[in-house]
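Below is one structure, written out as structure tokens; comments come after it.
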């Protein structure tokens, strides 16, 4: 079988075939002949010649996680039918998105306010910590998407600013 | 000794206390909110009671509800753990009035030590050195700014009721002063319901060193040596060790005496911690006293062999402290790493989600105090600390090696943790040299980004085999594993049909 894995925006194509007790894995024009024992669900002991790889694989909803040599990698299956269309963000826009899920505790800007780069626009509290959303550039506030005491989720846009 | 107590907390500390109770033959009542139904502390206890709404104020901070549960369950005492109600004098007082023993010092002492200004004034009177600053009652922003300018920069703005880095700001220059005062006040108001702040000289190259105290209710007070807790991010500790790499025997003795004086001055009872800062020249200053069992208590337990949680229970039940100062010996070296659900690549912001797999490292002198198991969900409601990894060894260098090994064998998948960051800190030359000032993370890791490393070939091989094993297409070959000599394996797959 042929599988594509995506990890941190890189795609890795691998083929794997099982013949008798061996697995034949081909990646990057190299074939690896290995044996493998699954000791517990997801816990693999792989032998490549005399070398032993110990790894643990576990599944999330869509993604898979692999633990190897003390590191955790998160991989996703690659959609072969078309690309997922991600909305491209304008430069600096990401700075107005909430970095965390939490509660809006203070709103320091309103519609039509002129703001300077670095001005605090909104204060979000999560896990008893405050996170300040600052203006990424000079501009005029077009819209404030929340009011005080609103719940905000990670990635939601707090304030929209028309760049000057 | 108590027959039954209630543990008013969650996570690893609830687990720690329940286990101590079980060893002493005390029945336990756990409490849990709706998002914690599958947490380990819930099933570990003898009884557990649902609090409903996970919002802290409705659950683990809900004094009337917790007192009512304790009464219904005939719990004789309440252990508050740390955080939540642990340093809330009203809670201690309410317990008292309800005839339930609060496991900790008296409400009066909590109140005094909780007020950082009053605490420092008390210590000054007892001739325990304190740090220069403004602890006055003029709390309007202009007066505070004036006092701040008098002390000079860098300067620390800190909430009187604060703790754990909440309601605290470092001010590097005058133009940031007002904004920082406002921010600290607001954060303190929302976290502690009180917006009094104080100002303090900000020490250069400081170490955070604290002394563990045990005191019984008859006034017998001892210390159990120091913990160095300087490795902090966002003003919260992430790595602690004992003994401190900068401590000298003379300073240890002097600071130990000062810590005992501090505790005795306020009539302290139960387990507590006196926090000091020391500067480059080993001058020490009293910072505050924590009137609870600390997160990092295990490293003291490892180096002294004394179980602090059990002593808390004994002392609260009225037993005298039979340990004498001269019997307490500090031996070997212990390090603790706090395992957080957070992303060091992204300003240490907490991460949430499902823990698809959790496996702890196992080995000699490796201790894991954990509040999580596989399939638990890390919610945004509470502190993102998942567990603590503690190792013990003959000396500091071996202890560092052991904890790095342990971190490399700690499996947490599904939620981003700080494990690889902790390893990098422990591997750093300056850490090995003992240059562990409180600015360590800022100095050496402020620009730290985990290298975008390619997926290693071994990982790809593992994934491919895993998918091959678990894919439905290859199911037939898996039957072979059942019995290699079975004739059925040559038959292929059958379909069982009712109609045939």
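The values are calculated or read from the model by the stated rules, or taken from the named source; none is laboratory data. As the structure is a computational prediction, the values presented were derived from the model and not from experiment. No Cβ is skipped: glycine too gets one built from the backbone with ideal geometry, and neighbour counts run over all protein chains shown.
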Can you tell me which condition residue A:105 does not meet? The list is (1) at pLDDT 95 or above; (2) assigned by TED's automatic domain parsing to the domain that holds residue A:135, and all the others hold. (1)
Among the residues of the stretch B:78-103, which ones are closer than 21 Å to residue B:219 by Cβ and not in a helix (DSSP H, G or I)? B:101, B:102, B:103
Go through (1) out of contact with any helix residue (DSSP H, G or I) (no Cβ under 7 Å at 6 or more places or on another chain); (2) free of Cβ contacts under 8 Å to residues at least 24 places away in the same chain; (3) under 20 Å from residue A:129 (Cβ atoms) one by one and return the number of the condition residue B:150 breaks. (3)
Residue selected from the stretch A:54-63 under the condition modelled with pLDDT of 95 or more and either more than 8 Å from chain B (Cβ to nearest Cβ) or in contact with a helix residue (DSSP H, G or I) (Cβ under 7 Å, 6 or more places away or on another chain) (or both), by the criterion surrounded by the fewest Cβ atoms within 10 Å (Cβ to Cβ): A:54
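Conditions (1) surrounded by 15 or more Cβ atoms within 10 Å (Cβ to Cβ); (2) at positive phi; (3) more than 9 Å from chain B (Cβ to nearest Cβ), marked per residue:
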position: A:4; (1), (2), (3): no, no, yes
position: A:7; (1), (2), (3): yes, no, no
position: A:22; (1), (2), (3): no, no, yes
position: A:25; (1), (2), (3): yes, no, no
position: A:30; (1), (2), (3): no, no, no
position: A:37; (1), (2), (3): no, no, yes
position: A:40; (1), (2), (3): no, no, yes
position: A:43; (1), (2), (3): yes, no, no
Residues in the stretch B:159-193 that are away from every other protein chain (no Cβ under 14 Å) and surrounded by fewer than 17 Cβ atoms within 10 Å (Cβ to Cβ) total 4
When you look at residue B:35, is it over 20 Å from residue B:312 (Cα atoms) and touching a residue at least 60 places away in the same chain (Cβ under 8 Å), yes or no? yes
Would you mind stating whether residue A:100 is at pLDDT 75 or above, part of a loop (DSSP other than H, G, I, E, B) and within 14 Å of chain B (Cβ to nearest Cβ)? yes
Whichever residue in the stretch B:420-458 is touching a residue at least 12 places away in the same chain (Cβ under 8 Å) and at the interface with chain A (Cβ under 8 Å from one of its Cβ atoms) and, among such residues, is farthest from residue B:343 (Cα to Cα): B:423
Members of the stretch A:9-20 that are under 21 Å from residue A:78 (Cα atoms) and either touching a helix residue (DSSP H, G or I) at 6+ places or on another chain (Cβ under 9 Å) or within 7 Å of chain B (Cβ to nearest Cβ) (or both): A:10, A:12, A:14, A:15, A:16, A:17
Tell me, which strands (runs of 3 or more DSSP E) wholly within the stretch A:14-68 include 1 or more residues that are farther than 12 Å from residue B:462 by Cα? A:22-27, A:30-40, A:51-59
Taking into account only those residues within the stretch A:103-123 that are away from chain B (no Cβ under 11 Å) and either closer than 17 Å to residue B:350 by Cα or buried (at least 16 other Cβ atoms within 10 Å of the Cβ) (or both), which is farthest from the chain's Cα centre (by Cα)? A:113
Members of the stretch B:51-60 that are closer than 13 Å to residue B:7 by Cα and surrounded by fewer than 17 Cβ atoms within 10 Å (Cβ to Cβ): none
